[in-house]
Amino acid sequence: MKLHPKLQATLFFIGLMLGLAVIFTATFFLTGWLYDLAGLTIPAVWKQLINSLGGLFIFGLIITALTRTFRSRMLAGERLIYGPIIDALERIAKGDFSVSVENKVDRNENRMIGELVDSVNRMAAELNQLETMRQEFISNVSHEIQTPLTSIHGFTQALQSETLALEDRQHYLTIIEAESTRLSRLSDNLLKLASLEAEQMKYEPKPYRLDRQLRHLILACEPQWLSKALEMDIALAEVTVIADEDLLNQVWLNLLHNSIKFTPHGGKICIGLSQNSDKIEFKIADTGIGISEEDQAHIFERFYKADKSRTGLAGGSGLGLSITKKIVELHKGTIAVESQLEQGTIFRVSLPVR
């Protein structure tokens with residue numbers, strides 16, 4: 001049972017006084033015995049002074065011995081408690097985030113130590129997760145850059161052949177140009193995503209007609225959906241939004257390009273825009289290849305590709321939807337996906353009216 005601090009202090013004081021009384025009494029009898037043994041006769045004043053000094057000296061020796069004993073025990077106890085925490089922090093400082101500190105203290109007796117251990121373990125876990133994400137990000141970037149570079153290098157070497165036909169030469173140059181454009185787009189998307197995550201992207205909201213923006217973008221993509229004979233069902237209500245027009249332009253283009261890209265020839269795309277009292281709702285639905293339920297949980301992650309073989313052929317980097325989500329969240333909105341394989345996909349974007 002743990003005693004109240006005031007009661008502990010009182011008991012300590014009583015024990016100290018009793019100790020002093022015992023030591024002074026023992027010193028009195030000890031010096032008296034020594035005087036008798038030596039046959040000395042000392043005045044009472046000097047005897048009292050010698051007894052007092054002797055008692056204080058013995059008391060000091062005892063206190064010093066006890067202090068050293070308890071200090072060594074306390075240091076050993078502190079090393080037992082704080083040693084693993086210090087070791088863990090040193091390992092974290094060196095880049096090892098796989099540490100885990102075991103709490104050897106009863107939480108009921110020392111709640112703050114328990115909270116400190118939990119904080120260190122939580123920090124290590126979060127840093128370990130960030131390190132894993134960093135390594136995956138570097139790996140993905142390296143892969144995305146290496147693929148077009150390999151193509152450019154290979155076709156550049158092929159162009160050095162003097163026997164290469166003119167038609168093949170033009171074909172290789174077209175591929176090199178396309179891969180160079182892909183690299184440029186990847187670089188631009190990486191910079192844009194980094195700016196969004198660091199909240200350094202220039203954000204200039206202003207009122208404008210959202211329906212007009214969407215209609216303009218749909219017409220700009222007309223060659224793409226006409227080449228695939230896609231049916232476009234468009235229902236855009238007159239809506240004014242307060243937002244950054246350039247940033248939202250990226251959102252609608254990403255969603256529109258994805259729908260066109262993954263909808264087969266002769267398919268259908270439906271685009272809707274509406275507004276109620278507090279929300280602006282945008283919806284784009286297609287009859288494309290769809291997204292599995294497992295992939296839907298990761299579709300907005302950086303470099304994630306639901307259909308890895310097809311997106312690779314289409315030159316996608318897996319950054320478009322991640323950028324889209326960041327821009328929507330920057331506008332205090334939400335984006336969601338509904339899909340079934342071979343039955344199409346629906347993306348819904350919700351923005352606040354103000």
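Listed values, structure above:
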| quantity | calculated |
| --- | --- |
| Segment Gln340-Leu191, length gained on full extension (0.36 nm per residue, minus Cα span) | 50.4 nm |
| Gyration tensor verdict on segment 173-287 (Cα atoms; rounded if a/c is under 1.5, prolate if a/b is larger than b/c, oblate otherwise) | oblate |
| Rough spin-label spacing in nm, given labels placed 7 Å along Cα→Cβ, for Glu238 and Lys279 | 2.4 nm |
| Net lengthening on full extension, Thr10/Leu159 (0.36 nm per residue, minus Cα-Cα) | 44.2 nm |
| For Trp225, solvent-accessible area (1.4 Å; no DNA, RNA or ligand), Å² | 40 Å² |
| Under Karplus coefficients 6.51, -1.76 and 1.60, residue-wise ³J(HN,Hα) of segment 144-155 in Hz, glycine/proline x | 5, 7, 5, 4, x, 5, 5, 5, 4, 5, x, 6 |
| Charge sum, other residues only, whose C-beta stays under 15 Å from Gln157's C-beta, Lys/Arg counted +1 and Asp/Glu -1 | -2 |
| Shape of segment 190-230, Cα gyration tensor, a/c cut at 1.5 | oblate |
| Theoretical gain in end-to-end length, Ser180 to Leu226 [0.36 nm per residue, Cα-Cα removed] | 13.9 nm |
| Distance between modelled label sites at Ser350 and Met123, nm, 7 Å Cα→Cβ extension | 3.8 nm |
| Within segment 276-304: backbone nitrogen closer than 20 Å to the Arg212 label point (7 Å, Cα to C-beta) | 280-282 |
| Rounded if a/c under 1.5, otherwise prolate or oblate - segment 129-230, Cα gyration tensor axes | oblate |
| Net +/- balance of residues flanking Leu236 in space, Cβ distance below 12 Å, scoring K and R +1, D and E -1 | 0 |
| Residues of segment 235-279 with amide N under 15 Å of the 7 Å Cα→Cβ point at Leu219 | 236 |
| At most 14 other Cβ within 10 Å, DSSP loop - GluC sites (Glu not before Pro), segment 166-229 | Glu199 |
| Amide hydrogen neighbours beyond the local backbone of Val353, cut-off 5 Å, H modeled | Lys279, Ile280 |
| Hz values of 3J(HN,Hα) by residue in segment 255-261 - Karplus curve (6.51, -1.76, 1.60), Gly and Pro given as x | 5, 5, 5, 5, 4, 5, 4 |
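The values are calculated or read from the model by the stated rules, or taken from the named source; none is laboratory data. Note that the structure is predicted; figures quoted are calculated from it, not measured. Heads up, the Cβs are rebuilt from the backbone with ideal geometry, glycines too, and the neighbour counts pull from every protein chain shown. Surface areas here come from the heavy atoms of the whole protein model, side chains and all, with no ligands, DNA or RNA. Shrake-Rupley method; radii C 1.70, N 1.55, O 1.52, S 1.80 Å.
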